[in-house]
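First the structure, in the form of structure tokens, and then the observations on it.
The values are calculated or read from the model by the stated rules, or taken from the named source; none is laboratory data. The structure displayed is predicted, hence computed values, not measured ones. Reconstructed Cβ throughout: ideal geometry from the backbone, glycine too, with neighbour counts over all protein chains shown.
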Amino acid sequence: MDRYTARLGGSVSIAEDVSYDELLKSLIEFTLRAAMARASDQSTVEHEELRLKGLSAIELFRNSRAVWTDAALFERELAEARREGIQGVFMERNELDPEVYDKLNGQLRDWWRRAGYESDCLTKCMKRLFTELESDASDRAADAREQFVGEILGL
């Protein structure tokens, strides 16, 4: 069974050595928490990077190997590794899978749709999804504040 690691900005861990299903859950949770952080003006650079660049901002590893989606770039780096005599090391640490983000995109969009959120392609941008999540988070926070005020005034 394949194991996945997902990082953002090189330092923020979204998932470490998890199954594909756990990777999906971790991406959903991170996205939701990022949108809530934006709604309360507590977002980080990494949250903004995910919002603006979508899944393409995430560094993905499968079985401890970096997953590349750009075949031309992968081939250039492989050619460089051959010239340097380290092709074996390169292949041990890297793999080409141009469809991995498309698969993630499809499954994540299906999940968000079931949760009530329609989203465009999540591979290159998540602005629309973030806007919807932020709006719902703000509305729910406002409702909770009003309920709290009502409880205190009702004493």
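Out of all the residues in the range 18-40, is one or more surrounded by 14 or more Cβ atoms within 10 Å (Cβ to Cβ), without any contact (Cβ under 8 Å) to a residue 24 or more places away in the chain and in contact with an Asp or Glu (Cβ under 7 Å, 6 or more places away or on another chain)? Within the range 18-40 (the criterion being surrounded by 14 or more Cβ atoms within 10 Å (Cβ to Cβ), without any contact (Cβ under 8 Å) to a residue 24 or more places away in the chain and in contact with an Asp or Glu (Cβ under 7 Å, 6 or more places away or on another chain)), the answer is yes, since at least one residue qualifies.
S64 meets each of the listed conditions (1) among the hydroxyl-bearing types (S, T, Y); (2) surrounded by 13 or more Cβ atoms within 10 Å (Cβ to Cβ); (3) touching a Lys or Arg at 6+ places or on another chain (Cβ under 8 Å) apart from (2). If you check G10, G54 for being surrounded by fewer than 14 Cβ atoms within 10 Å (Cβ to Cβ) and farther than 25 Å from A141 by Cβ, only one passes: G10. Looking at R145, R62, R82, R128, just one residue is of a type in the set (K, R), closer than 24 Å to I28 by Cα and out of contact with any strand residue (DSSP E or B) (no Cβ under 9 Å at 6 or more places or on another chain), and that residue is R128. Summed over the range 81-105, residues that are of a type in the set (G, A, S) and surrounded by 13 or more Cβ atoms within 10 Å (Cβ to Cβ) total 1.
None of F130, F90, F148, F74 is of a type outside the set (D, E, K, R), in contact (Cβ under 8 Å) with a residue 40 or more places away in the chain and out of contact with any Pro (no Cβ under 6 Å at 6 or more places or on another chain) except F130.
Show the residue pairs meeting these rules: Cβ distance below 8 Å; 6+ apart or different chains; first residue within the range 46-66 and under 15 Å from E99 (Cα atoms); second residue of a type in the set (G, A, S) and surrounded by fewer than 17 Cβ atoms within 10 Å (Cβ to Cβ). Pairs found: E59/G10; E59/A66; L60/A66.
When the range 1-46 is limited to residues that are in a helix (DSSP H, G or I) and polar (S, T, N, Q), the one that is farthest from F61 (Cα to Cα) turns out to be T31. Being farther than 26 Å from S135 by Cα and of a type outside the set (A, V, I, L, M, F, W, C) is a property that holds for E16. Taking the condition among the polar types (S, T, N, Q) and either modelled with pLDDT of 95 or more or over 15 Å from L27 (Cβ atoms) (or both), does S138 pass? Yes.
Exactly one residue among L133, L108 is buried (at least 16 other Cβ atoms within 10 Å of the Cβ), under 27 Å from L32 (Cα atoms), in contact with a helix residue (DSSP H, G or I) (Cβ under 8 Å, 6 or more places away or on another chain) and modelled with pLDDT of 95 or more, and that residue is L108.
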